[in-house]
1. How about the range 320-346: which of its residues are touching a helix residue (DSSP H, G or I) at 6+ places or on another chain (Cβ under 9 Å) and hydrophobic (A, V, I, L, M, F, W, C)?
2. Tally up the residues in the range 40-77 that are over 16 Å from the mean Cα position of the chain (by Cα) and either β-branched (Val, Ile, Thr) or in a loop (DSSP other than H, G, I, E, B) (or both), please.
3. Output the residues belonging to the range 13-39 that are part of a strand (DSSP E or B), more than 16 Å from the ligand (Cβ to nearest atom) and in contact (Cβ under 8 Å) with a residue 60 or more places away in the chain.
4. Could you tell me whether Thr339 is loosely packed, with under 14 Cβ neighbours inside 10 Å, farther than 30 Å from Tyr113 by Cα, in contact (Cβ under 8 Å) with a residue 12 or more places away in the chain and hydroxyl-bearing (Ser, Thr, Tyr)?
5. Show me the strands (runs of 3 or more DSSP E) found entirely inside the range 322-384 where at least 2 residues are small (Gly, Ala, Ser).
6. Here are the criteria: (1) assigned to a helix (DSSP H, G or I); (2) farther than 19 Å from Leu363 by Cα. Tell me which single one Thr187 does not satisfy.
7. Restricting attention to the range 174-184, does a residue exist that is touching a helix residue (DSSP H, G or I) at 6+ places or on another chain (Cβ under 6 Å) and either closer than 20 Å to Lys126 by Cα or aromatic (Phe, Trp, Tyr) (or both)?
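Each reported figure results from applying straightforward, stated rules to the coordinates on display, with no laboratory input. Remember, predicted model here, so these are calculated numbers, not experimental data. We place every Cβ from the backbone using ideal geometry, glycine too, and count neighbours over all the protein chains shown.
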Amino acid sequence: MSRFDFENLHECGIINHLDLKCVNCGKSGMSIFYEASGIPVQSAYLMPTREKALKSALGKIALGICRSCGLIYNTEYNHSANPHFQKKEKTDAFSFAYNSFIQELAEIFITKYSLFNKKISALGAKSDDFLSALCEMGGNTGQIVEQLDLKEFNKDTDCVVSAMTLGNIYNGADLLSTLRSCLSERTNTILFYIVRDVERILTELAYWEISHEDCTYFSLGSLARLFRKSGFDIIEIKKYKGQFITLAAKPSMTKTASNTNDDMGDLLGKVKYFAENHLQKLLIWKQRIADFRRSGYRVVLWKAGAKSAAFLNLLDMEDGIKYVVDINTHLHGAYIPGTGHKIISPAHLREYRPDAIIALNPLFNTEVSNEIKRLGLTAELLTF
Ligand SMILES: [Zn+2]
């Protein structure tokens, strides 16, 4: 692993905790580079009333990077507030963009690894849309695994998939070691993971992508190191659609100590950039919303979930943005934890006539743009 100078991090306000042990590699030394407080501990769980939303349990974020393995995680993560595998927060199946994303990913995976008529184990309920696509498109059968258990795990499984669940796991090393034990001699089992790419969050200063319960963040290097350390050989690891990382792996029969995917120096540079500049981005947004308010502009945020909860709670300007809009009918009438913003349907916008719509996730930009046209709105679309 290359050498890099952590001591320079002091210059940009990063706090080094030399005695804090990494949850992944167990080595001492974490550098905390992003802190936030008053953040809902379950930001993706919407509340039935505004009163309950305003009384949501709050927690801290203290995002640190391990000086040895490069894992980035929330060192203030509240274990008791969050289950081992997150429950499925809501379905995105209403979204054409989301469905296309899942189906495209499933098609790539099925084709590349000839995944037809196989038995699949999907880790965490958040993986169920991906599992459904794999079963439908490849004639596979599968089950959701809510809790890894050596006795209960289906030893005949041909494939293990995890779609966006690893970031919710505080101790991924423990989980993957347990999985490796579950698979035992089944070295032909294929693992397929998709996680968010922390390098994009850092370089785009996307502070709203950091929530309390999304406790772990991966780069190509730190994800590869985690899997190798846990007893897996990596078949392929790469960036996907500008904001994700996909990884295919299989159980290893030997202890590997490969030093490929060494991105520590580069990752540190991005951490420093984020630490130095993210506050400026938040202030720009505060100023922008204040200007909108002075001008009497009506502003709404598109899509409910952890990103919008983080964005609104950190903005802390309740009257600057009136509503959160979502196409998922199950969410209408619910409230964002912490700030209490109400979630409304796109149809409601015909009546409210917003001047600006903020869309946090580039994946949905086209969909939002089409909705604006369909509803006959003249609102300006603000994207990232
Ligand atoms: Zn570490």
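1. Here is the first cut: in the range 320-346, the ones touching a helix residue (DSSP H, G or I) at 6+ places or on another chain (Cβ under 9 Å) are 320-327, 332, 334-346.
Passing the criteria: Ile321, Val324, Val325, Ile327, Ala334, Ile336, Ile343, Ile344.
2. Count: 13.
3. Tyr34, Ala36, Gly38, Ile39
4. no
5. Numbers: elements: 323-325, 342-344, 356-359, 380-382.
Here the list reads 356-359.
6. If we test Thr187 against (1) assigned to a helix (DSSP H, G or I); (2) farther than 19 Å from Leu363 by Cα, just (1) comes out false.
7. No, that holds for no residue.
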